[in-house]
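Comments concern the structure below.
The values are calculated or read from the model by the stated rules, or taken from the named source; none is laboratory data. If you're wondering where the values come from, they're calculated on a predicted model, not measured in any experiment. Cβ placement follows ideal geometry from the backbone for every residue including glycine, while neighbour counts extend to all protein chains displayed. Accessible surface areas use protein heavy atoms only, side chains included; no ligands, DNA or RNA. Shrake-Rupley method; radii C 1.70, N 1.55, O 1.52, S 1.80 Å.
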Protein chains: 2
Amino acid sequence: MKISVGISNRHVHLTVDDYKLLFGDEEMEKRNDLKQPGMFACNQVVTIKTPKKEINKVRVLGPVRSYTQVEISKTDAYSLGIDPPVRTSGDLDGASEIEIIGPCGSIIRKAAIIANRHIHVDEKIRKKHKLVGIEKVSVRKEGEKGATLDDVYLKDSENAYFELHLDTDDANALLLKNDDELEIII
Amino acid sequence: MKISVGISNRHVHLTVDDYKLLFGDEEMEKRNDLKQPGMFACNQVVTIKTPKKEINKVRVLGPVRSYTQVEISKTDAYSLGIDPPVRTSGDLDGASEIEIIGPCGSIIRKAAIIANRHIHVDEKIRKKHKLVGIEKVSVRKEGEKGATLDDVYLKDSENAYFELHLDTDDANALLLKNDDELEIII
């Protein structure tokens, strides 16, 4: 079965408290909706910084969450000089320390991870596509720089939009663009 | 059968004439040998530049060649704002225009490519590993962010060192380090 890909560039999720520390009274402004219901990219961006390097214009995603998390690629991690673990969003076990700088202040958090490859599903999608009880799958891209990526986790959320999320390392290695279709291999 | 990986960061090959335009009378200085016999990384580095961006400290590889070639990743290509083709080294058909800047001058060449995934072989290696007559294979990495990369070309040269060459996008997508071992799938 085919699934379309959404490519995640580096981005930040913030708690309401951390958002206020970085942006003060400035409200989150929606730049564009994401495909997962309720999720959006903000006009707000931050700088992420380590002793080795800083990366500017890292986008904040909304709405606020119960955790502050910085999702980067392994390529970013090398350039920042840190070694973050591969994690499911929200699992910050062993996450790398990083500074997050906004217009009103800066915070240091153990928040940097490399997001695992994942597919958004809900109960209805699992039933429709015979994915009930499955933890992870592989996805296959044919053609130039083709590959089968393993270790793709199914991630449950209510009213999910059925989409594969890959980071820029995976996407660039396979020459993928947003909305390209890959084959799910169970 | 297993093969160890060598990860190619962005680098430049130069003709003798282009080397002189960039470095004048300065001799190529060997920084370190590469595993392919006769090949070495130089102390010399250049800047590569497009109208969008420049990247500094791009290493020159020696010895000089019959063509000038800039090998970059897709990630680099996005940041430079160019769309180079995936090519075997030496095949510059459709290569992207790029400026190369050295201490003594700069040149503009249609020279930028994304190197294809490849394995260095010679006749002896082909015979030993039952690779005679084979154009390309796949390679498999197990474990976290595991994958099977297809479209891995066998590249013949005399006295080759049997090694898989991947660019930083492929390597970072699979969390590979130099000398990690992958399984060849024929």
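Quick notes
- Residues in segment A:69-121 that are of a type in the set (D, E, K, R) and closer than 18 Å to A:Thr47 by Cα: A:Glu71, A:Lys74, A:Asp76, A:Glu97, A:Glu99, A:Arg109, A:Lys110.
- Search result, residues across segment A:41-68 that are buried (at least 17 other Cβ atoms within 10 Å of the Cβ) and more than 17 Å from A:Ala112 (Cα to Cα): A:Ala41, A:Cys42, A:Gln44, A:Gly62
- Residues of segment B:162-186 satisfying the condition of being out of contact with any helix residue (DSSP H, G or I) (no Cβ under 9 Å at 6 or more places or on another chain) and either more than 23 Å from B:Lys128 (Cβ to Cβ) or surrounded by 16 or more Cβ atoms within 10 Å (Cβ to Cβ) (or both): B:Glu163, B:Leu164, B:His165, B:Leu182, B:Ile184
Residues are listed down the side, and each one gets a yes or a no for (1) under 25 Å from B:Asp169 (Cβ atoms); (2) out of contact with any Ser or Thr (no Cβ under 7 Å at 6 or more places or on another chain); (3) of a type in the set (Gly, Ala, Ser):
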{"position": "B:Asp18", "(1), (2), (3)": "no, no, no"}
{"position": "B:Asp25", "(1), (2), (3)": "no, yes, no"}
{"position": "B:Asn32", "(1), (2), (3)": "yes, yes, no"}
{"position": "B:Lys35", "(1), (2), (3)": "yes, yes, no"}
{"position": "B:Ile82", "(1), (2), (3)": "yes, no, no"}
{"position": "B:Pro85", "(1), (2), (3)": "yes, yes, no"}
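- Answer residue from segment A:123-141, given it is touching a residue at least 24 places away in the same chain (Cβ under 8 Å) and among the charged types (D, E, K, R) and is surrounded by the most Cβ atoms within 10 Å (Cβ to Cβ) among those: A:Lys141
- Matching residues in segment B:56-68 - criterion: being outside any loop (DSSP other than H, G, I, E, B) and either more than 14 Å from every other protein chain (Cβ to nearest Cβ) or closer than 21 Å to B:Lys155 by Cα (or both): B:Val58, B:Arg59, B:Val60, B:Leu61, B:Gly62
- For segment A:55-98, the set of residues classified as free of Cβ contacts under 8 Å to residues at least 60 places away in the same chain, touching a helix residue (DSSP H, G or I) at 6+ places or on another chain (Cβ under 8 Å) and not polar (S, T, N, Q) consists of A:Ile55, A:Val60, A:Val64, A:Tyr78, A:Asp83, A:Pro84, A:Ile98, listed by residue number.
- Selection within segment B:108-121: residues that are open to solvent by 10 Å² or more (accessible area, probe 1.4 Å) and of a type outside the set (Lys, Arg). The member of this set that is farthest from B:Val137 (Cα to Cα) is B:Ile108.
- Any hit, segment A:105-128, residues being within 19 Å of B:Asn172 (Cα to Cα) and hydroxyl-bearing (Ser, Thr, Tyr): no
- Of the strands (runs of 3 or more DSSP E) lying entirely inside segment A:69-186, those containing at least 1 residues that are at pLDDT 95 or above and either more than 30 Å from A:Glu54 (Cβ to Cβ) or within 13 Å of chain B (Cβ to nearest Cβ) (or both) are A:105-115, A:118-121, A:136-141, A:147-156, A:163-167, A:181-185.
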